[in-house]
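Here, each number is a calculation from the coordinates, and none is a lab measurement. Small disclaimer: the values here were computed from a predicted structure and weren't measured. With ideal geometry, Cβ positions are generated from the backbone for all residues, glycine too; neighbour counts draw on all protein chains shown.
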Protein chains: 2
Amino acid sequence: MVNYPNKKGSFQRAKVGHSNRGMSFESMINESNDYYVSNNIANIHKKPIPIQIVKVDYPSRAGAVIKEAYYKVPSTTDYNGIYKGFHIDFEAKETINKTSFPLSNIHTHQIEHLINIKKHGGISFLLIFFKAKDEIYLLETNYLEEFFIRSASGRKSISYTELQVCGHLVKEGIAPRVDYLKIVDKLVKKAWAFFVW
Amino acid sequence: MVNYPNKKGSFQRAKVGHSNRGMSFESMINESNDYYVSNNIANIHKKPIPIQIVKVDYPSRAGAVIKEAYYKVPSTTDYNGIYKGFHIDFEAKETINKTSFPLSNIHTHQIEHLINIKKHGGISFLLIFFKAKDEIYLLETNYLEEFFIRSASGRKSISYTELQVCGHLVKEGIAPRVDYLKIVDKLVKKAWAFFVW
């Protein structure tokens, strides 16, 4: 058993014997996107973290050093790009929760953004990494929207069982590590079926 | 006459009487994108500046302060999003040059990225603000690619005359300030015309 630091600086045990031990969900997705780009399958990237820069020094010719900056609340989602001519937009979240995914993990305006992308004819979704199960689910925006609406007056999370029913289990492998485009292929077919000829 | 600082900290005179005096090209485009988003016309955003964070302090509960970070070379373009179901991707550049746009203003991998987006079925282009003329041109990626190929053995810039011939003049107004989607409408029509039925 090895201890890996998580984002908040505390430690959690990584399960040995699983394909993704020690690797952050973000790294797993970035690696998959690199695979897609280099194999000419898609062009999807993670957006940089939005930062408010306050102070920049120029100590040498070599370049600028940012000396004071703050994290900003992201106005959109983390990932977007293009696949088979479709605009792809998604957010990726992981949870150590065993029984549900708390909706507080995702900003309201990010959900609104995903809904908006769908309205403009894009394919948008949420990727959820259930660490306790070592399973990744792709949840289409229309279901996310339903769970979000429900949260206003009821349950504020998506149960693991609901996710199994409403989401798509994403196969994990070596290359690509998180082959979410296999699921997106189904969504592309749906998008074409709904297309007005 | 008013002096406005430009990005590099030096000063240049702003021309009074022009609609965009004092406003950076980036701000003009951001304002236009805000207009498109809030009027439900498109969903296009500027990506955050990519930064390598080295040191973060947590002085209080209020949040983190980035104390050391560096600018990274962007791996993609500055703007992307969706319009009329199409993936939109572009880079925006301004020049104070009077007779030409130097291709050194845009990174090689950004040109490659624009070409790649086009291959995947997206609409990609370069927006050039010719400050001396107070004119904005939209240059489709296929022309940008041609000028880029030429630059390997010949002229390393796009002349103003070439831009007038190969590019599309973008109308400037109040809202949206830079109505580049009017030109993209033409590209959408072309994309449909080239579509394999």
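To the nearest 20 debye, what is the magnitude of the charge dipole of the protein assembly as shown about its Cα centre, counting +1 on the Cβ of each Lys and Arg and -1 on the Cβ of each Asp and Glu? Before the final figure, lay out the partial values.
Numbers: 54 positive and 38 negative charges, 97 e Å.
Computed about the Cα centre, the dipole is about 460 debye.
To the nearest whole number, what is the average tally of beta carbon atoms from other chains within 10 Å of the beta carbons of peptide A:42-54?
Neighbouring Cβ atoms belonging to other protein chains average 5 per residue here.
Are there chymotrypsin sites (Phe, Trp or Tyr not before Pro) in the stretch B:107-196 that DSSP marks as loop and that have at most 12 other Cβ atoms within 10 Å, and which are they? Write down the numbers at each step before the final one.
On the way: sites: B:125, B:129, B:130, B:137, B:143, B:147, B:148, B:160, B:180, B:192, B:194, B:195; in loops: B:180, B:195.
Listed in order of number, the matching sites are B:195.
Going by how many other beta carbons lie within 10 Å of each one, how would you line up B:168, A:87, B:113, fewest first?
B:168, B:113, A:87
Defining a contact as two alpha carbons under 8 Å apart and six or more residues distant in sequence, what relative contact order in percent does the stretch A:46-101 show? Display every interim value, and only then the final one.
Working: 63 pairs, mean separation 15.3, N = 56.
Relative contact order here is 27 percent.
Would you list A:178, B:54, B:65 from fewest to most Cβ contacts within 10 Å?
Ranked by crowding around the Cβ, least crowded first: B:54, B:65, A:178.
How many nanometers, to one decimal and shortest first, lie between the label point of residue B:99 and those of its other copies, if labels sit 7 Å from Cα toward Cβ?
Result for residue B:99, in nm, nearest copy first: 7.6.
Please state, rounded to one decimal and in Å, the Kirkwood hydrodynamic radius that the stretch B:101-197 gives when every pair of distinct Cα atoms enters the mean of 1/r.
After inverting the pairwise mean of 1/r, the radius is 14.3 Å.
For chain A, what D do you get in µm² per second when you plug the Kirkwood radius from alpha-carbon pairs into Stokes-Einstein at 37 °C and 0.692 mPa s? Write down the numbers at each step before the final one.
Details: Rh = 18.4 Å.
Roughly 178 µm²/s, to the nearest whole number.
By its C-alpha gyration tensor, with a ≥ b ≥ c as the square roots of the eigenvalues, how is the stretch A:56-125 shaped: rounded for a/c under 1.5, else prolate for a/b larger than b/c, else oblate?
Details: a/c = 2.76, a/b = 1.59, b/c = 1.73.
Oblate, since a/c reaches 1.5 and b/c is not below a/b.
Who wins for biggest fluctuation among B:97, B:39, B:80 in a Gaussian network model of chain B, springs between alpha carbons below 10 Å?
Taking springs between Cα atoms under 10 Å, the residue moving most is B:39.
Between copies, how far apart are the residue A:145 label points? List them in nm, one decimal, shortest first, with each point 7 Å from Cα toward Cβ, please?
Spelled out, the distances from residue A:145's label point are 3.6 nm.
Can you pull the percent of Cα pairs in the protein assembly as shown with separation above 32 Å?
Within the protein assembly as shown, distances greater than 32 Å cover 41 percent of Cα pairs.
Can you run phi through the Karplus equation (6.51, -1.76, 1.60; θ = phi - 60°) for the stretch A:162-167 and list ³J(HN,Hα) in whole Hz, with x for Gly and Pro?
Taking θ as phi minus 60°, the curve returns 4, 5, 5, 7, 8, x Hz for the stretch A:162-167.
Can you tell me which of A:48, A:74, A:59 moves the most in a GNM of chain A? Springs connect C-alpha atoms under 10 Å apart.
A:59
I need the trypsin sites (Lys or Arg not before Pro) found in the stretch A:111-197, filtered to DSSP loop residues with at most 16 other beta carbons within 10 Å of theirs.
Within the stretch A:111-197, the qualifying trypsin sites (Lys or Arg not before Pro) (loop, at most 16 other Cβ atoms within 10 Å) are A:133, A:155, A:156, A:171.
Shielding by partners for B:111-119, please: the mean number of other protein chain Cβ atoms within 10 Å of each residue's Cβ. Let's see the in-between values first.
Details: counts 0, 0, 3, 0, 0, 5, 3, 1, 3.
Average per residue, whole number: 2.
Under 17 Å Cα-Cα from residue A:171, which lysines qualify once same-chain neighbours fewer than 8 residues away are excluded?
A:93, A:131, A:133, A:182, A:186
List the distances, in nm and shortest first, from the label point of residue A:53 to the matching label points in every other copy, placing each point 7 Å from Cα along the Cα-to-Cβ direction.
Ordered by increasing distance: 1.6 nm.
With the contact rule set at Cα under 8 Å and sequence spacing of 6 or more, what percent relative contact order holds for chain B?
17 percent.
What list do you get for B:106, B:128 if you sort them by fewest beta carbons within 10 Å?
Listed from fewest to most nearby Cβ atoms, that is B:106, B:128.
Under a GNM of chain B (C-alpha, springs under 10 Å), which listed residue has the highest mean-square fluctuation: B:138, B:103, B:127?
Of B:138, B:103, B:127, the Gaussian network model singles out B:103 as fluctuating most.
Tell me which residues come under 5 Å, amide H to amide H, from residue A:179 once H is placed; ignore anything under 5 positions away on its chain.
Distant-sequence amide H within range of residue A:179: A:171, A:173.
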